[in-house]
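The values are calculated or read from the model by the stated rules, or taken from the named source; none is laboratory data. Remember, predicted model here, so these are calculated numbers, not experimental data. Reconstructed Cβ throughout: ideal geometry from the backbone, glycine too, with neighbour counts over all protein chains shown. Accessible surface is based on the protein model in full, side chains and every heavy atom, while ligands, DNA and RNA are left aside. Shrake-Rupley method; radii C 1.70, N 1.55, O 1.52, S 1.80 Å.
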Amino acid sequence: MIRPLNRDRSPEELERACWPAPSADDTRLVASALALRSRPIGELTVEDMRLLIGQDIGLPYLLPLALEVLRENPMAEGHMYEGDLLSAVLTRNPSVWAEFSELGRELRVIVSKLAGLPPDLQQKVERFLAP
């Protein structure tokens, strides 16, 4: 089920779950993800979404936003490489797409129109499209 998006609220608020602050032993990735959970989803950048989606954080709220971006620019990039948002979205567990089947169908339409992808991204597309 796709939830309505309140872009003024953070994943933390939308999920009604406050996670602990990062500890001194946490990695920079963990600290970044924890900080991003408190930012309103309407303020998240492509890089922010890539990072959070790659960590399976806030998927019910972030996948619809990511697909909005990918509709306009399937090769949108954060700080890693061209198409890194698409890569993060494509590599979610297949159970995610069973839960959000409407988004999965839309993603299939988006990727079916792509050509000339780098080999690693093409492999991810093929794995996503495989039955």
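So if the hydrodynamic radius of region 85-131 is defined as the Kirkwood radius over C-alpha pairs, what does Stokes-Einstein give as its diffusion coefficient at 4 °C and 1.567 mPa s, in µm² per second?
Working: Rh = 10.8 Å.
My calculation gives 120 µm²/s for D.
Using alpha-carbon pairs under 8 Å, 6+ residues apart, how would you state the relative contact order of region 19-131 in percent?
Details: 93 pairs, mean separation 22.9, N = 113.
Relative contact order for region 19-131 comes out at 20 percent.
What translational D, rounded to a whole number of µm²/s, comes out for region 44-106 from Stokes-Einstein when the hydrodynamic radius is the Kirkwood one over Cα pairs, at 25 °C and 0.890 mPa s?
Details: Rh = 11.3 Å.
This corresponds to a translational diffusion coefficient of 217 µm²/s.
When the scattering of region 1-40 is computed by the Debye formula from its Cα atoms alone, each counted once and equally, what is log10 I(q)/I(0) at q = 0.28, 0.29, 0.33 Å⁻¹?
The Cα Debye sum returns log10 ratios of -0.94, -0.97, -1.10.
Output the DSSP H helices from the chain with an along-axis C-alpha extent of no less than 18 Å and a mean Kyte-Doolittle hydropathy no less than -1.0.
Passing helices, by number: 59-72.
Go through region 24-131 and name the GluC sites (Glu not before Pro) that are in a DSSP coil and have 16 or fewer other Cβ atoms within 10 Å of their Cβ.
Values: sites: Glu43, Glu47, Glu68, Glu72, Glu77, Glu82, Glu99, Glu102, Glu106, Glu126; in loops: Glu77, Glu82.
When the GluC sites (Glu not before Pro) of region 24-131 are filtered for loop state and at most 16 Cβ neighbours within 10 Å, Glu77, Glu82 remain.
Using only the heavy atoms of the protein chains and a 1.4 Å probe, how would Trp19, Trp97 rank by accessible area, largest first? Show your work: numbers first, answer last.
Working: Trp19 100, Trp97 30 Å².
My answer, sorted largest first, is Trp19, Trp97.
Only four residue types carry charge here, +1 at the Cβ of Lys and Arg and -1 at the Cβ of Asp and Glu. Report the dipole size of the chain about the Cα centre in Debye, rounded to the nearest 20. Intermediate values should be presented prior to the final figure.
On the way: 15 positive and 20 negative charges, 68 e Å.
The dipole of the chain has a size of about 320 debye.
Enumerate the calculated ³J(HN,Hα) couplings along region 75-88 in order (Karplus 6.51 cos²θ - 1.76 cosθ + 1.60, θ = phi - 60°), each rounded to whole Hz, writing x wherever the residue is Gly or Pro.
With the stated coefficients, region 75-88 comes to 9, 3, 10, x, 9, 9, 6, 4, x, 5, 5, 4, 4, 4 Hz.
Using just the Cα positions, wrap the chain in a convex hull and report its mean projected area in square nanometres, one decimal place. The partial results should precede the final answer.
Working: hull surface 32.7 nm².
For the chain, the mean projected area of the Cα convex hull comes to 8.2 nm².
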